[in-house]
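These notes are about the structure you will find just below.
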Amino acid sequence: MTLVEARKLTPQQLAERLLGAAGSAGKYIEAKISGNGGLMIHMPGLNNIDLYRRPASSGFMGLCKVESVHVSFSTSRYDTPGDPPHHVTDFWKSIAFAMRAPTDKRIDSGDWDREERDCARLAPVVGRTDPMFFAVAGDIPVDAYFAMRALAKAKIAAGAANWQPGCRISGPDWGACKDAAATLRGIPIDRIHYVAVSRCVDGAGFCVTAHWMKSFSGNETQEAELTIRTDATKIDPPTDFAVTSVDIVAGTTVDD
């Protein structure tokens, strides 16, 4: 397939051609086609295609998901002329999430249709930054739900008097630790980039690791990683819990 050919096909047609029977049944409504990329070495022609299904409810109140497939293609020599054809070299499935509003409420039978409609309104996904979809280690919806609730509770805790999260600097300082509580309160829930949920190191409770990119310009990214400790003894089924501490590692990464 060439880059020109890919751009002429609808998302569903791309899915059917690239994924066969699985693509035909996939109901993909959006595609992001990347071509002529490369930083140090030019990559002419078709590079990658991302196919997206319509955003849907994850099964948890306020938490939406979008299923996607990433397809990568072979590369040509940097000096290859024109729009060379490429073959598929790899593909993988993933799920991204968006938390519209963290809540303890569970979905009951009367909520399903409304949740599906609200999530569907998040389309189009390609190019959307409000809300930003975030990744979860293992693509597990209940982990995404727990992580976003933990972040919401941490932000509330940061509003209490005489309470400060731990904070340290890694790399060039952008001022996150001058008032760590204010930094935590200022982190938008819908701008978290990646989360992971696991047992805390000492085995007591569950901890959430959340990555936030504050800003990026050129090759510099101001970012923070949060470790949110909770007293939760289980996360599935969801129950109430408290945040017991938060640690922030903040700094600026510079890509060469």
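When a/c reaches 1.5 or more, the comparison of a/b and b/c decides; with that in mind, is the stretch 1-70 rounded, prolate or oblate per its Cα gyration tensor? Taking the square roots of the gyration eigenvalues as a ≥ b ≥ c, the stretch 1-70 is oblate. Among the listed pairs Lys8/Lys65; Lys155/Lys234; Lys153/Lys178; Lys27/Lys65; Lys65/Lys155; Lys155/Lys214, those with a Cα-Cα distance over 19 Å are Lys8/Lys65; Lys155/Lys234; Lys153/Lys178; Lys65/Lys155.
So what's the back-of-envelope 222 nm ellipticity for the chain, counting only DSSP H runs of four-plus at -39500 (n - 2.57) apiece and dividing by all residues, rounded to 500? Computed ellipticity for the chain at 222 nm equals -5500 deg cm²/dmol. Charge dipole of the chain (Cα centre as origin; +1 on each Lys and Arg Cβ, -1 on each Asp and Glu Cβ, all else neutral): 440 debye, rounded to the nearest 20.
Can you tally the net charge around Ile33? Count Lys and Arg as +1, Asp and Glu as -1, for every other residue whose Cβ sits under 12 Å from the Cβ of Ile33. The answer is 0.
Applied to the stretch 3-9, the Karplus parametrisation 6.51 cos²θ - 1.76 cosθ + 1.60 on θ = phi - 60° returns per-residue 3J(HN,Hα) values of 5, 4, 4, 4, 6, 8, 9 Hz, with x for Gly and Pro.
Modelled this way, with points 7 Å down the Cα-to-C-beta line, the labels at Glu116 and Lys178 are 5.0 nm from one another. In the context of the full set of protein chains, the stretch 59-99 has a per residue accessible area of 50 Å² (1.4 Å probe). Kirkwood analysis of the stretch 129-226, using all unique Cα-Cα pairs, places the hydrodynamic radius at 14.4 Å. What nm distance separates the two modelled labels at Lys32 and Tyr194, each placed 7 Å from Cα along Cα→Cβ? Going from the Lys32 label point to the Tyr194 one covers 1.5 nm. Per residue, the stretch 127-248 exposes 48 Å² of solvent-accessible protein surface, assessed with a 1.4 angstrom probe and all protein chains in place. Note on the chain: with neighbouring protein chains present and a 1.4 Å probe, carbon and sulfur make up 52 percent of its accessible heavy-atom surface. The residue among Phe146, Ile49, Val246 whose Cα reaches farthest toward the positive pole of the charge dipole of the chain, with charges on the beta-carbon of Lys, Arg, Asp and Glu, is Phe146.
For the chain, complete DSSP H runs whose alpha carbons reach 15 Å or more along their own long axis and whose mean Kyte-Doolittle score is -0.5 or higher are 141-157.
The values are calculated or read from the model by the stated rules, or taken from the named source; none is laboratory data. All values derive from a computational prediction rather than experimental measurement. Positions of Cβ are generated from backbone atoms using ideal geometry, with glycine treated the same way; all protein chains shown enter the neighbour counts. The protein model used for the area step is the full one, side chains on, heavy atoms only, and it has no ligands, DNA or RNA in it. Shrake-Rupley method; radii C 1.70, N 1.55, O 1.52, S 1.80 Å.
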